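Values quoted throughout were computed directly from the atomic coordinates according to the rules given, and no laboratory measurement underlies them. None of the values given here were measured: they were computed from a predicted structure. Positions of Cβ are generated from backbone atoms using ideal geometry, with glycine treated the same way; all protein chains shown enter the neighbour counts.
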């Protein structure tokens, strides 16, 4: 078995299908981690918690992945922007019509109106203006006063879904066509919960308010009126955004963050954390076990007692407690994980080292005059090194899972970096499971699982190739 | 330390009253009951001299203490008591010893007493004292190539000015034990060599340090018969070409006869007979030696029908509960036949007495 | 099969199917063992003698298998017999084995008496008491105190354990006993005692004995017929007297010269190494190390040629 160079190890390793699968999975994750800056811009990863950044991105909120439509056989609306024509007029009322062709099986998740006032406008900061919106539907019906508000906001962004007035306007409109439905939602207090945008784009009829009618496809005309109180108030831009019903590879969360971006950037953290913790803690543990075994006697006894103490400390509760006092950064977490992981491999390594210590070539080395340090480093360590690789492979999933658990439990109290655990934590906070947002929960969970799987497969294959039982 | 005066300049190593006991692990109960600590008396007061450039064979059956003796002489074990006088001719080694110990090591003329030297000061002496082990399969580090294994002693003792010089020495050592082509062998891993070849690597390794004394512990026991001579010849070259003194440990009397100058017979930790190879084999005096010689199988099929008469009773006794007096007496047939000495055999430990020139026996019959 | 032949081996092949290649451990070996005869199977490590010994009971450990040939005992072919038959009728009843390294062949958790009794209870249907009696009877025959039946293996010395193994091999009174390196792990005095024992036992029990060893000196002490194996093949066979007096095969000659003697000092060896049995050379397998090698040796494998009264050697020198 010895004299096994790298080439032999690789050749043996490739005989195990599990190992090949593991490498394959690992490459996917590494690909994600490396490709993160290419897939989505640098900013996105670092700014996960900067909600303003995401607001700017104008992604639909809480929508499933774009490919869902393929499986369901329906077309999902995509996010579309429609600039409005700013009328050249001296009137106080500025009116423009924005048309939107709703041609999808699944209508938009939201409609956002954007009004920007020109900065140079010679007006005081308190000058208000009015915004009114009427919606002309393809079936000839009209919803009036969908928007009817007064504001001073120079950069106005209104989501119809979130505006109470809009919601009420839509509900009132549909009430005429669905009395029963209306009764129902009033009685059950569902007015806050129903998808008014869906209703906006759906056919009239029984059950419309319960979202039971089909979408109404066709041209919608959004009649937007800006009524200024000061003639100097000038518009910079007008825009209507139809927010798609689906987006991206893994959809979005309720804050409008692209979950795929989160997953991809989370891969970096997972790999870096996993590998650093695994490599450092295993190296410490291996050195500790080897030296303890070689020195023997009461030094060995003491070192073992220390290790047994260290390994008995429960990691998770301690981490959670510490987190309340010190805001953890990812590096603190890595350090703590190392401190708690090193005792793991010690016992196995120690028994291996004990066996090696009894070998005749060790005695021969002593007879030649080799020092203790030389024997440990050049004679014992190289025999253990191959097994160390397998240990590292097994340690990585442990580290990743622990971090995921900690981040999940700590949530906002935890590390600031984007990790798969944090994504899950956010999902939990937003009751993602209850609201059926599977795309928020499954991807991070799946990634944690397959990263663990990848390393375990690699570790098992490595173990079979380098099994210490074959030692000597 | 009057022993030293007796030594003539030709003696390279002298053991005097060498003792090595191994304590037997006691249970907690034993300690509480204050039972006396028992020992395995592996080596129990032996004395002998090894002269420069000779091969001295230590023979005996398993458990007689010969391996322990060898390990103690090269200080892989610490002697329980007794003296090991070793001649240090090499100026360089003397100087290093003095430096290392801050002058605390006592020199008795040209000799040092290895029993007095703690492990931490042994390093300079390790170049002069070497050991070759029995098992060629586990005595070489399997993870390194032969050349790296052979480099170790040179690097540890800082021999050679450059890697090239060291490599040169290695090749020469391999050639000296006829492992050729040396470059090819140096590049191999141990598992690519046969048992005999590995043993010769061990001999080459011992040679590299230019020792004056080498212990060879049953070096050919695990090698095929038709290949043993190859290793033995390399070992004898050590003596003939390099003037090294060899302590050859074996249970095989025939081999001992064929290669050694002197033979010492051990039984249960004591030397029972000592003399030249001719004397011991052709004229064994001690009853145990006689039984050993009688037991040697002779490759003559005509003797097939003879049931050999080996004059020995019973089994070898444990080295913990040693019989009083002569430790061989419970198995000694001569004891049965000579009632007049029985009292002495039972109570008095026999000392080595010179019966003919250079031939010593420890037996009350003489 | 004649009435005076206890064992007839014909063209036996035993191969080990490892995943680095097929090791041809025994390649076409043939010999006969007469009733009451003692045959020595000599050779060095890797020559196939132990494998041959195991194959005679069809006990070759996997990945080894009998790959061809016949082993006739009492008219039955052991090589092709199904396992159940072997266990019931052949193993230990007709042919038994004394293993190398007796220390390991005895179960450490059962008393000696129980282990001796086991074959009697299984094969002869004796009750435990009857079997223990038998055990007590056979122990003195191997020079042991019958009280040993109550001891555990670890309480006995190496020599004593080997004697127990011999007793175990004889307990069912088999026709053939194989002794595989019975004295290798033992000291020289104990070895001599065991050899004495084997000599007396073979007469008393009238067994045909196969002694396997690398030590030709002990062969000389015990065997009537001697076979030399090299690299999986039998290279010479003949009466012990003829072989020692006038060895014909160059390997036998080299082997005998390598034995150190007390009568004259001298060290000889055979240079080179045995071939790799996964890829044996064509022609004579000893060619690389043979001092008398010539052309034909490397091209064709020599068959067994008659070179004396009872002596056969596989060597082109005698064509």
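Annotations
- Peptide C:218-224 has a mean shielding of 5, counted as Cβ atoms of other protein chains within 10 Å of each residue's Cβ.
- Stokes-Einstein diffusion coefficient of chain B, Kirkwood radius over Cα pairs, 37 °C, 0.692 mPa s, in µm²/s: 148
- Each of B:80, A:229 was scored by other Cβ atoms within 10 Å of its Cβ. Arranged with the fewest first, they read A:229, B:80.
- Cβ crowding within 10 Å ranks B:36, B:166, B:41 as B:36, B:166, B:41, fewest other Cβ atoms first.
- Note on C:267-277: average number of Cβ atoms from other chains within 10 Å of each residue's Cβ is 5.
- When every Cα-Cα distance of chain A is counted in 10 angstrom steps from zero, the calculated P(r) takes the values 4, 16, 20, 18, 14, 10, 8, 6, 3, 1, 0 percent.
- Burial ranking of peptide ranges A:252-265, A:157-170, B:302-315 (average Cβ count within 10 Å, highest at the top): A:252-265, A:157-170, B:302-315
- Shape category assigned to the range A:66-243 from the gyration tensor of Cα positions, a/c cut at 1.5: prolate
- Peptides C:311-317, B:151-157 ordered by packing proxy, namely the average of other Cβ atoms within 10 Å per residue, highest first: C:311-317, B:151-157.
- For peptide C:255-262, the mean count of partner chain Cβ atoms within 10 Å of a residue's Cβ comes to 6.
- With Rh defined as the Kirkwood radius, the inverse of the mean 1/r over Cα pairs, the Rg/Rh of the range A:232-343 is 1.32.
- Rounded FRET efficiency, nearest 0.05, which uses the C-beta distance separating residue A:255 from residue C:145 and R0 of 60 Å: 0.10
- Relative contact order for chain A, counting Cα pairs under 8 Å that sit 6 or more residues apart, in percent: 23
- In terms of its C-alpha gyration tensor, the range A:160-267 comes out oblate, because a/c is 1.5 or above while a/b does not outweigh b/c.
- Using only the C-alpha atoms, the convex hull of the range B:183-235 corresponds to 89 Å³ per residue.
- Ordering C:122, A:231 by the number of other Cβ atoms within 10 Å of each residue's own Cβ, fewest first, gives A:231, C:122.
- Estimated D of the range A:389-466 in µm² per second, where Rh is the Kirkwood radius over Cα pairs and Stokes-Einstein applies at 4 °C, 1.567 mPa s: 97
- Building the convex hull from the alpha-carbon atoms of chain C and averaging its projection over directions returns 17.4 nm².
- Within a Gaussian network of chain B (alpha carbon springs, distance under 10 Å), most fluctuating of B:187, B:202, B:102: B:102
- Spatially, the range C:131-154 and the range A:372-402 are offset by 52 Å when compared through their Cα centroids.
- Nearest-ten-degree value, helix A:297-312 long axis tilted from longest Cα axis of chain A: 20
- Two-site FRET efficiency, residue C:74 against residue C:128, from Cβ-Cβ distance with R₀ of 25 Å, rounded to 0.05: 0.25
- Calculated P(r) of the range B:122-224 - Cα pairs past 21 Å, %: 29
- Remark: relative contact order (chain C) = 20 percent; criterion is Cα-Cα distance under 8 angstrom and separation of 6 or more residues.
- The protein assembly as shown: antiparallel DSSP beta bridges as a percent of all, rounded to 5: 75
- Mean Cα-pair separation over length for the range A:66-243, i.e. relative contact order, pairs under 8 Å, 6 or more apart, %: 39
- Size-normalised alpha-carbon gyration radius of the protein assembly as shown, reference 2.2 N^0.38 Å: 1.39
- More than 18 angstrom apart: percent of Cα pairs within the range A:225-289: 67
- Prolate/oblate/rounded call for the range A:40-127, Cα gyration tensor, a/c under 1.5 rounded: oblate
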